[in-house]
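Shown next, in structure tokens, is the structure this report addresses.
The values are calculated or read from the model by the stated rules, or taken from the named source; none is laboratory data. Note that the coordinates shown come from a computational prediction; the quantities given were computed from them, not determined experimentally. Neighbour counts run over all protein chains shown; Cβ positions are idealised from the backbone, glycine included. SASA here: full protein model, heavy atoms, side chains in, ligands and nucleic acids out. Shrake-Rupley method; radii C 1.70, N 1.55, O 1.52, S 1.80 Å.
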Amino acid sequence: MPSMGRLHLVTDTRPGRDPLAVVRAALGVAGSELVVQVRVEDSATDREAYDLTCRILDLCGPVGATCLVNDRLHVALAAGAAGGHVGADDLPVGAARRVLGPDAVLGATAREPVAAARAVAAGAGYLGVGPCHTTTTKDGLPAPIGPDGIRAVADAVPVPVIAIGGVTAATVPALRAAGAYGVAVVGALSTAADPARATAELLGALRW
């Protein structure tokens, strides 16, 4: 798997958001240290997901940032993204690995050690673990697991653990101390008045 940045930006395509502007601002600060996960609303068409992915790839390419696609692996393949990320209700990890091939980046969602170990055994190269804290970005999420939950998973697997869910620059140090390799954010950047400054603050907290 290619070396992975510690800061993952998950696109926010809800009404009123401007994911391209946020990605552009974050890339201007983070460059190759950023991983952009293209996530669209369930109501979005594959064409819309593909077009957004292609535009983000055009932004990521010149600075060497990694672009992944959440859930829609066929879009990742069609657009030429570095790989994808699958959640609990998406394709099983083993099937996703067969779709993407052996060399692509593949992340999977987990929140406890047994499921995490199974995902890694099936081919996940990193894990998105959470929600760490309360978040309003996505509906229907289970209760937050906090830094202790992150530690339990990080101690159980040999791959990078990316903490997600209500992450802010202030909460990053505790998550890193618990064993998180990095963090994934949505609202911390998509709702920030100054996404570039917010990116810098997150990177500063990650570089301890």
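Per-residue ellipticity at 222 nm computed for the chain from its helices equals -11500 deg cm²/dmol, with DSSP H segments shorter than 4 residues left out and the rest contributing -39,500 (n - 2.57). In whole percent, and with a 1.4 Å probe on the protein chains, what portion of the accessible area of segment 33-126 is carbon and sulfur? Heavy-atom surface of segment 33-126 belonging to carbon and sulfur, 1.4 Å probe: 52 percent. Between 164, 145, 56, the residue with the greatest mean-square fluctuation in the GNM of the chain (Cα pairs under 10 Å linked by springs) is 145. Here the contact order of the chain, divided by its residue count and restricted to Cα pairs under 8 Å and six or more residues apart, works out to 20 percent. Here the Gaussian network model covers the chain, with springs between Cα atoms less than 10 Å apart; of 21, 116, 180, 21 fluctuates the most. Ranking 12, 18, 89, 155 by solvent-accessible area of protein heavy atoms (1.4 Å probe, all protein chains present), from largest to smallest, gives 89, 155, 18, 12.
Add +1 for every Lys or Arg and -1 for every Asp or Glu among the other residues with Cβ under 14 Å from the Cβ of residue 45, and state the total.
Counting the neighbours of residue 45, the net charge comes to -4.
If only the Cβ of Lys and Arg carry +1 and only the Cβ of Asp and Glu carry -1, the dipole of the chain around its Cα centre is close to 340 debye.
Build a GNM of the chain with springs between Cα atoms under 10 Å apart, and of 84, 165, 146 the one that fluctuates most is 146. Taking amide H atoms as placed 1.01 Å from N in the peptide plane, the amide H of residue 83 lies under 5 Å from those of 69, 105, each 5 or more residues away in sequence or on another chain.
Per residue, the chain exposes 45 Å² of accessible surface when a 1.4 Å probe is rolled over the protein heavy atoms with every protein chain present. Could you tell me which label, among [x] 57, 35, 33; [y] 47, 45, 28; [z] 38, 37, 32, carries the value of Cα extents along the principal axes in Å calculated for this structure? Among [x] 57, 35, 33; [y] 47, 45, 28; [z] 38, 37, 32, the one calculated here is [z].
If you take all other residues with their beta carbon under 10 Å from the beta carbon of residue 195, and give Lys and Arg +1 and Asp and Glu -1, the sum is 0. Separation of segment 111-126 and segment 1-30 by C-alpha centroid, Å? Segment 111-126 and segment 1-30 have Cα centres spaced 25 Å from each other.
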